[in-house]
1. Taking 0.36 nm per residue of sequence separation and subtracting the Cα-Cα distance, how much length would be gained by fully extending the chain between A:A21 and A:A136, in nm to one decimal?
2. Mind scanning A:K383/A:K431; A:K80/A:K245; A:K37/A:K251 and naming the pairs with a C-alpha gap bigger than 32 Å?
3. Note down the relative contact order for chain A as a percent, whole number, built from C-alpha pairs under 8 angstrom at least six residues apart.
4. What distance in nm separates the simple spin-label points at B:A4 and A:T391, each placed 7 Å from Cα in the Cβ direction?
5. Classify segment A:426-469 as rounded, prolate or oblate from the Cα gyration tensor: take a ≥ b ≥ c as the square roots of its eigenvalues, call it rounded if a/c is under 1.5, otherwise prolate when a/b beats b/c and oblate if not.
6. Percent antiparallel among DSSP beta bridges with both residues in the protein assembly as shown, to the nearest 5?
7. From the Cα trace of segment B:8-99, what convex hull volume per residue do you get, rounded to a whole Å³?
8. Near B:H78, within a Cβ-to-Cβ distance under 10 Å, what is the net charge of the other residues, with Lys and Arg +1 and Asp and Glu -1?
Amino acid sequence: MYRYTDFDAAFVAERNRQFRAQVERRINGSLTEDEFKPLRLMNGLYLQLHAYMLRVAIPYGTLSGSQMRQLAYIADRWDKGYGHFTTRQNIQFNWPKLRDVPDMLDALAEVQMHAIQTSGNTIRNVTADHFAGAAADEIADPRPVAELIRQWSTDHPEFQFLPRKFKIAVSGSENDRAVLRAHDVAVQIVEQDGEIGYRIFVGGGLGRTPMIGKVLRDFLPEADLLPYLEAVVSVWNLLGRRDNKYKARIKITVHEHGISEISRLVEDRFAVLRPAFSGIDQALFDTIKADFAAPDFAHRDSADFDRAYDRDPVFRAWADTNLSDHRIPGYAIAQISLKAHGATPGDATSSQMRVLADLAERYGHDELRISHEQNVVLPHVHKADLPQIHTILKAHGLATANIGKISDIIACPGMDYCALATARSIPVAQKIATRFDALKLEHEIGDLKIKISGCINACGHHHVGHIGILGLDRAGVETYQITLGGDATQDAALGDRTGPGFGYDEIVPAIERLIGTYLDLRGDAQETFLQTYRRIGMAPFKSALYDSETRVAAE
Amino acid sequence: MPKAFTPKVVTANALLEGDVVYLSEDDRWVRRLNEAELLTDEAHADLRLIEAQARHAEVVGAYLADVKPGPNGPEPTHFREDFRRTGPSNHAHGKQAEAS
Ligand code: HEM
Ligand code: SF4
């Protein structure tokens, strides 16, 4: 893992000290809210519907056990005993008091964490594949690249007042687990003739006007990464629309100017910037790579795993659903679901966080990952330890075998917390999960991604859900619009709208009719919902949704 | 034709805790909507909002929210104000925790 240098530590400490003084001045009345707001946002502090909210970055989703334990401590000491993991590999605390936030930031700094650039019009927390360093299909670990980008982008003087937020994701595999093409810029590690380099995507994004990112460079040599990214952001910084915040994102710039014009401008700028990068960035990159050296993997017998797998159907169901292939034989990647049926997607209690920290330390080379799907990952566990891990998870409500299934729903906070929301998301996710658990259909249905947002900003990724749900306010009533056929992988696609929305009490029955249609019409049990949709199209689903007499028109 | 004025309350978030507060008739920030001052006159409502906004060392983001008169005081007319009045649906946190 990356360890802060003395410079990093001093920088964060100084920043916290500044913010503490600013909070003091806000409380004693010498700063107005208008003066204070940009200062608090620079430090990840929002004001939501019912309380403040502190957003903490988990760069590329990587955490150690002691960091996770500190998050648990913060949740207990200054919040309500839980935290909320988000689609951007952040954790949000929903109930801090203004006066306590400087102490929370100091507690974070003790474990090399912070909330800098988790808000505002800057380059946000750099995200990465949550299987980084572990996946069997990986070309190279994306985290050193993400860390290099993080260091370059943190407080980069040219990029502190961008037209809008800017999000970068990195993946080291052909299989995309980082939703690359929904990011402003994405970096995919590729190999060409034995040389490692990067494919660069630009102009993806969800929210209002969702767009799938386009390839800007098919192969960029490793040494050119930072000057090239700097050229991209710099071109957008000049060209991006500042007259209308809804048109400010780079996806609109790319759309308005065309990818070839953007490419031309970027190459021109790159030619100017390239000589300024003397190679020191690559020297730094090498030291960062060393920080991410793989742990010492043990060669052990995995008979214990096989025995448990044969004898215990509960363990087997969990193993089949929640484990993925590790690049080292005998090892596995375990995904820990934060989606127990009826739970709030992404929430973990402080005691669950401590359990996860313990498991990482005892069995997982002290590594944890937060996935953009709002789950936790133990990236390196030996198969022989999995029965024991499973037993511990079970005892703490963390053994739900539903990764990638209908109840593994991404849901943004929606109107239960978010000041921008137009409807609730969380209870819709809870009701769908509980309903399909009661029907005992979850494993029959197989792989299916439902994603829910509480407004057009799309924090819940609904556009790229196989089934996307968008909560809206229609004449003072919560209404839910459905999209079908979205895809967050390397085959990224935006979902298609089915038609008018459904009321709060109608949305679960509507999802049930969609699933019924899929189960009736799928080719065989192997054909997933998405494959069936791609084969038969919208029409049968639409009639299942709208031909029913029970439906009350909601739009 | 200008829209007819509908009843309002002044609401905001408390500076220190962040939670939802309402302005009462006697100039206190109260936690319960039904204790808020019901504003039925537009000019008076505008004045109360200006007074509330001046109290920036106590609250953040004061605005006028639509309500209707009820037997026990103002009641929300929109679901957003209803959630602000109670707290989130997934946990009994926020006001609903204190009210019970
Ligand atoms: C609760 C406070 C939040 C606020 C005020 C907020 C605000 C926003 C806004 C305004 C956008 C649209 C930006 C644009 O298109 O220019 C957005 C996008 C997004 N947010 Fe949030 N968000 C919040 C929480 C979250 C949470 C909890 C998550 C994850 C669960 C999240 C993940 C995202 C993602 C993935 C996008 C993607 C769309 C994109 O920017 O391309 N946000 N958010
Ligand atoms: S999608 Fe809307 S409701 Fe959901 S978190 Fe984002 S801004 Fe809030």
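None of the figures in this text is laboratory data; all of them are computed from the coordinates on show. The model shown is predicted, which means the values in this text are computed figures rather than measured ones. Every residue, glycine among them, receives a Cβ derived from its backbone with ideal geometry; neighbour counts consider all protein chains shown.
1. 36.6 nm is the gain from fully extending A:A21 to A:A136.
2. Correct reply: A:K383/A:K431; A:K80/A:K245.
3. Contact order relative to length: 13 percent.
4. Label at B:A4, label at A:T391, 7.1 nm between them.
5. It is oblate, given that a/c is not under 1.5 and a/b is not larger than b/c.
6. For the protein assembly as shown, the DSSP antiparallel bridge percentage is about 85.
7. Normalising the Cα hull of segment B:8-99 by residue number yields 92 Å³.
8. In short, -2.
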